[in-house]
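Read the structure below first, then the notes.
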Amino acid sequence: MQDDLGVVCLFALVLLASAEDEKKPVAEAKVDDTSAAESATQEDKKQDKRGLHDWTGSYGGGFEEKHDVPHFETHEEKTLTVVKKVPVPYPVEKHIPYPVEKHVPVPVKVGVPKPYPVYKTVHYPVKEIVKVPYHVPAPYPVEKKVPYPVHVPVDNPVPVKVYVPAPYPVEKKVPVPVKVHVPAPYPVEKIVKVPVKVPVHVDKPYPVEKIVHYPVHVPVDRPVPVHVDKPVPVPVEKHVPYPVYKNVPYPVHVPYDRPVPVHVDKPVPVEVKVHVPAPYPVEKVIPYPVEKKVPYPVKVPVARPVPVEIEKHIPVEVEKHVPVPVKVSIPVVHHDEHHHVEEHHDFHEHH
């Protein structure tokens with residue numbers, strides 16, 4: 001479809017160019033015809049005027065007069081101005097897209113609808129270990145090696161002195177901070193290989209042609225139905241350059257002529273004497289009491305339960321004295337003022 005549209009557009013452009021070329025000589029011919037027609041009309045007008053001026057007259061006696069009027073020719077010049085559009089060069093910025101890589105950490109969820117089998121190709125033969133049941137007669141003796149100290153008698157023990165140098169040097173790594181001199185901050189120039197847009201001033205507005213894509217309908221006389229075959233799955237054999245062995249378990253039927261009964265002995269339990277040393281008491285002296293907390297109740301079995309009397313406390317009434325406020329009347333005695341003054345004076349004299 002796109003190829004057909006391109007052919008139609010090229011054909012239309014060729015027709016437009018040919019039409020413009022044909023119009024130019026026609027217009028020039030029209031201009032020449034108009035100029036020739038104007039000159040002919042001017043000559044006719046001049047002749048008509050001359051005919052009007054050339055007249056003859058008679059005055060009774062057969063006298064004829066002829067008046068000639070002088071005529072001045074006029075030349076008119078016409079100028080045809082043809083305006084041609086001269087293209088003016090102007091800067092055109094071309095946008096060149098360049099890839100800009102930007103790392104955006106976006107969580108991407110890959111949905112796996114169902115578990116699918118993953119086949120791993122092994123480029124070498126793998127031996128599979130098949131476990132075969134092996135009959136072991138039971139019970140059978142088991143020897144357990146118990147290590148025990150063996151005392152070897154020495155005739156003449158000689159003390160050997162081992163020389164240990166003391167004191168001896170001990171190396172200890174002590175981290176020491178090291179100051180690294182960092183100079184003053186300096187500018188770092190980074191070359192960015194990106195085109196930089198420089199604004200260009202344009203004096204006059206210039207026409208901008210915008211290409212508008214429109215659909216072109218190509219008529220078809222007789223649409224013919226075309227039969228399209230459906231895709232058929234075709235098995236493709238993939239060549240593997242190494243042998244692949246796959247163990248497939250399947251029942252194997254072994255034919256035999258006559259079944260012969262075979263006597264199978266039953267395993268008989270056999271007592272095996274194992275030397276067990278007699279237990280002996282081991283006393284371990286612990287200089288401090290050890291308390292072990294048991295998180296659950298422990299029942300201690302008692303041979304004969306002995307009744308134990310438990311004293312039950314009976315509530316006894318106890319009298320408790322509670323202070324109660326009691327109102328007591330106090331008599332008030334009123335004295336005369338004169339008598340009170342005398343008593344006060346006597347008191348100062350005695351003192």
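The values are calculated or read from the model by the stated rules, or taken from the named source; none is laboratory data. Keep in mind the model is a prediction, meaning the values are calculated, not measured. Methodologically, a virtual Cβ is constructed for each residue, glycine included, from the backbone with ideal geometry; neighbour enumeration extends over all protein chains shown. Ligands, DNA and RNA are excluded from the accessible area calculation, which covers all protein heavy atoms including side chains. Shrake-Rupley method; radii C 1.70, N 1.55, O 1.52, S 1.80 Å.
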Next item on the list: First check a/c for segment 179-338, with a ≥ b ≥ c the square roots of the eigenvalues of its C-alpha gyration tensor; if it is under 1.5, answer rounded, and if not, answer prolate when a/b is larger than b/c or oblate otherwise.
Entry: oblate
Next item on the list: Could you tell me which of rounded, prolate or oblate describes segment 171-257, using a ≥ b ≥ c as the square roots of the eigenvalues of the alpha-carbon gyration tensor, with rounded for a/c under 1.5 and, failing that, prolate when a/b is larger than b/c and oblate otherwise?
Entry: oblate
Checklist line | Difference of contour (0.36 nm per residue) and Cα-Cα distance, Val170 to Leu80 | finding: 20.9 nm
Next item on the list: Determine the gain in length on full extension of the stretch Tyr186-Val248; use 0.36 nm per residue of separation and subtract their C-alpha separation, reporting nm with one decimal.
Entry: 14.9 nm
Next item on the list: Could I have the simple spin-label model distance between Val160 and Val194, label points 7 Å from Cα toward Cβ, reported in nm to one decimal?
Entry: 8.1 nm
Notebook entry, point to check: Which lysines have a Cα less than 26 Å from the Cα of Lys78, not counting those fewer than 8 places away in the same chain?
Noted result: Lys23, Lys24, Lys30, Lys45, Lys46, Lys49
Check: Counting only protein chains, not ligands or nucleic acids, how are Leu16, Leu80 ordered by accessible area (probe 1.4 Å), most first?
Finding: Leu80, Leu16
Checklist line | Share of carbon and sulfur in the accessible heavy-atom surface of segment 217-340 [1.4 Å probe, %] | finding: 63 percent
Notebook entry, point to check: FRET efficiency for Ala17 and Lys204, Cβ-Cβ distance as r, R0 = 22 Å, nearest 0.05?
Noted result: 0.20
Note to self: If I model a spin label as a point 7 Å beyond the Cα along the Cα-Cβ vector, how far apart are those points for Lys299 and Glu128 in nm?
What the structure shows: 5.7 nm
Margin query: So, for segment 247-293, what is the accessible surface per residue at a probe of 1.4 Å, expressed in square angstrom?
Written below: 131 Å²
Next item on the list: Using 0.36 nm per residue of separation minus the Cα-Cα distance, give me the extension gain between Ser329 and Val224 in nm, one decimal.
Entry: 23.9 nm
Next item on the list: For a label point 7 Å from the Cα of Val262 along Cα→C-beta, name the residues of segment 111-141 whose backbone N is under 14 Å from it.
Entry: 135
Note to self: Keeping every protein chain present and rolling a 1.4 Å probe, give me the accessible area per residue for segment 123-217 in Å².
What the structure shows: 128 Å²
